């Protein structure tokens, strides 16, 4: 058997767009096959067809050399195809076992014990280290993902689809996941890995199919292809990973955090005696494993939560007790981590979102009455300037934009406020190479204009690429601040686990 | 050609389906649906008096519908329009009965009292939501019952009628929102000046929601509370103000109903119009103009059902059933939307 799954000449049209145009995808047994493409290239569509959620307008699907029709996810499951969705489909207050057997409870009497034994056995076989009796809301995100994997294994799937599996994971968890995937193919499974992260493909995949704008660009052997080549195939032009950056000397202190203590919602002190200065004309990158106090630090700076003690100064002015709006007016702008939750109001148009922080000023409003013309003009300007692409320009609802364009809109709005200090939290999370390149350039531009930038990121690459200085946070404490030119990824990685330089 | 908004299309589809369901029901009980609908609509529209009564019924629904719709735009579900309306009516009636003032000033004070009473009733759930995150559905339902019992004890104690313990004295003509020229124009219908208040409120609320920074803030809080907070909008203030305004609108409904449509206030009744306001807002897609259309339509169904019953023997409850069915279809509008899409696409394909 040469291929375990074949999708031949698949075509799928949605009103107005061809999502998949004559795509052929062939998966060999026991390989990790990456499916690479920008957001909106058609990756999810073709996988949804394989998983029975959409139906192809044309083309055929063959599983183990037999032509099949897959009309719903149950058909896919019966054929041994399983999918780990980007957003997990788990019931939070159920145990691992209950989640896995959900839908397969069988006869009238629920036999949890037998199911749990089988789950334990599977977990051991693939070294997933899962406790069948743990509750979902008590285990980490990485473990939840392994529960999703177990769910597929429990259903005897041998073709596993991973849809953007690393977006929610810490660097360590990503590494573990890659190892698990390798173990799975050793045991005879085949894996389709949907992603736009080249590094992961390089690390784990055997072959890679590249899709651009609904068409298959090519299939390559990963070990013979560089990341740069794959990126060029995906985007359709050369991409530079390195951002051009002139050396600069930093100026005055703009953001001054002094002995900051912050408690989180559970009254646990998650930022401890934290002091950090960011100067004009520099980018400081804050590195750290997710959940080490970054969220609370950001909330404290932006005014979304109250601080326990300490001071936060912008240009020498203490802002630690000001309202969110007063802080914005003092020169703070913020690109939030979660653009859906915090960045945009999805029901509002792009134009309305562009004035989310300024609508109450002239010219956007006078005496409390909005000036729609001024708002539309402002949006048109930013759309042009920041290359935000959308169907109906300024009047497109923000929810209809692609992730990259949503992020560009936010970056545009925040930079347009001409802030003295720009707080960028995971500014490129979930974006494709083209958009990342663009946003990185804009951040460096801010620095070159003499603004201060504090960037918080979980991606070490991003930090090393952009930051002039790197600060490392671990367990809510500042471990150290080092010049980017005088350190390397290993050293920072070690600091992220809490070791100070020279003490390890 | 200008595109018909989806919301309007869906509302019309829901109404049509509701009417079809009503027709099936009439068939099922052995009546002729054409006859039934003929008399239902005739009952609401056949002469000036009937038209006047239809509009009078709609007036209350416009205001309660606006109340629910307005709160909903801020992401709040105001189940308390009934209680707010009742308190509004109580305040207006109390002023109308007890405060000696010349008529024009008296009417203004009555309307203001109704609005303030409703606003006060709305403010409590707003405050509870903002300060303690108490769900407004629970709080507004509680406030409905508080309003119910306040009226229950207040009316017999201070406004007792001449003959009955269970209702207030009848308002003198001088303190009624009914006005001779309107009454004469519509041949003695219940139509009253509440209509002008309702129309003014439609215009004001529409302007407020669409054109002001305040409306911008409220809608922002309604569709994404976190993003609003993040942008520096005072979310709690928006929630309280939204409930105050929603309550005020329902209070006005109380004035128009208890001191215009009717002339006294009864104890032991939560006004059904408060709950019908939810239906009106839903069918009207929480849009002030949509609320106007939906209120007029529901007003028509309510106004005509008695006549239909008298002429054909079809029970008046059919009208309520049609309203209920329309609500079901509106609530499942997503499904209808998809069905419409499908039809449109088939048509396009066929046309190729």
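The values are calculated or read from the model by the stated rules, or taken from the named source; none is laboratory data. No experiment lies behind these values; they were computed from the predicted model shown. Counting neighbours? That spans all protein chains shown, and the Cβs are built from the backbone with ideal geometry, glycine included.
Limited to the stretch A:211-234, what total is found for residues that are in contact with a strand residue (DSSP E or B) (Cβ under 8 Å, 6 or more places away or on another chain) and farther than 16 Å from residue A:11 by Cα? Result for the stretch A:211-234: 10. Any residue in the stretch A:282-294 that is in contact (Cβ under 8 Å) with a residue 12 or more places away in the chain, buried (at least 20 other Cβ atoms within 10 Å of the Cβ), away from chain B (no Cβ under 14 Å) and more than 24 Å from the chain's Cα centre (by Cα)? Taking every residue of the stretch A:282-294 in turn, at least one turns out to be in contact (Cβ under 8 Å) with a residue 12 or more places away in the chain, buried (at least 20 other Cβ atoms within 10 Å of the Cβ), away from chain B (no Cβ under 14 Å) and more than 24 Å from the chain's Cα centre (by Cα).
Across the stretch A:322-331, the number of residues qualifying as more than 7 Å from chain B (Cβ to nearest Cβ) and closer than 22 Å to residue A:426 by Cα comes to 2. The single condition from (1) in a strand (DSSP E or B); (2) buried (at least 21 other Cβ atoms within 10 Å of the Cβ) that residue A:217 fails is (2). Scanning the stretch A:295-322 for residues that are within 29 Å of the chain's Cα centre (by Cα) and without any contact (Cβ under 8 Å) to a residue 40 or more places away in the chain returns A:299, A:303, A:304, A:306.
When we screen A:239, A:298, A:254, A:278 for residues that are in contact with a helix residue (DSSP H, G or I) (Cβ under 8 Å, 6 or more places away or on another chain) and either surrounded by 14 or more Cβ atoms within 10 Å (Cβ to Cβ) or part of a helix (DSSP H, G or I) (or both), the only hit is A:239. When you scan the stretch A:2-22, do you find a residue that is assigned to a strand (DSSP E or B), at pLDDT 90 or above and within 30 Å of residue A:121 (Cα to Cα), even just one? Scanning the stretch A:2-22 turns up at least one residue that is assigned to a strand (DSSP E or B), at pLDDT 90 or above and within 30 Å of residue A:121 (Cα to Cα).
Yes or no: residue A:271 assigned to a loop (DSSP other than H, G, I, E, B), more than 14 Å from chain B (Cβ to nearest Cβ) and closer than 30 Å to residue A:141 by Cβ? Full working, then the answer.
On the way: assigned to a loop (DSSP other than H, G, I, E, B): no; more than 14 Å from chain B (Cβ to nearest Cβ): yes; closer than 30 Å to residue A:141 by Cβ: yes.
Spelling it out, it is not the case that residue A:271 is assigned to a loop (DSSP other than H, G, I, E, B), more than 14 Å from chain B (Cβ to nearest Cβ) and closer than 30 Å to residue A:141 by Cβ.
How many residues are in contact (Cβ under 8 Å) with a residue 40 or more places away in the chain and either more than 21 Å from residue A:453 (Cβ to Cβ) or in contact with a helix residue (DSSP H, G or I) (Cβ under 9 Å, 6 or more places away or on another chain) (or both) when one looks only at the stretch A:323-339? So the answer is 8. The number of residues in the stretch A:332-375 being in a helix (DSSP H, G or I) and at the interface with chain B (Cβ under 10 Å from one of its Cβ atoms) comes to 9.
Could you go through the stretch A:148-164 and let me know if any residue there is touching a residue at least 12 places away in the same chain (Cβ under 8 Å), closer than 18 Å to residue A:44 by Cβ and part of a loop (DSSP other than H, G, I, E, B). Yes, because at least one residue in the stretch A:148-164 is touching a residue at least 12 places away in the same chain (Cβ under 8 Å), closer than 18 Å to residue A:44 by Cβ and part of a loop (DSSP other than H, G, I, E, B).
Being in the same structural domain as residue A:183 (by TED's automatic domain parsing) and not in a loop (DSSP other than H, G, I, E, B): is that true of residue A:92 here?
So residue A:92 fails the test.
Checked against the criterion of being buried (at least 18 other Cβ atoms within 10 Å of the Cβ), within 14 Å of another protein chain (Cβ to nearest Cβ), in contact with a strand residue (DSSP E or B) (Cβ under 6 Å, 6 or more places away or on another chain) and in a strand (DSSP E or B), the stretch A:433-455 has no qualifying residue. Tallying residues that are farther than 19 Å from residue A:438 by Cβ and not in a helix (DSSP H, G or I) within the stretch A:376-395 yields 2.
Looking across the stretch B:163-184, the residues that are surrounded by 13 or more Cβ atoms within 10 Å (Cβ to Cβ) and more than 30 Å from residue B:149 (Cβ to Cβ) come down to B:179, B:182, B:183. Of the helices (runs of 4 or more DSSP H) that lie entirely inside the stretch B:166-278, those containing 1 or more residues that are within 14 Å of another protein chain (Cβ to nearest Cβ) span B:194-211, B:213-223, B:225-230, B:235-256.
The set of residues in the stretch A:133-171 being within 20 Å of the chain's Cα centre (by Cα) and over 16 Å from residue A:95 (Cα atoms) consists of A:161, A:162, A:163, A:164, A:165, A:166, A:167, A:168, A:169, A:170, A:171.
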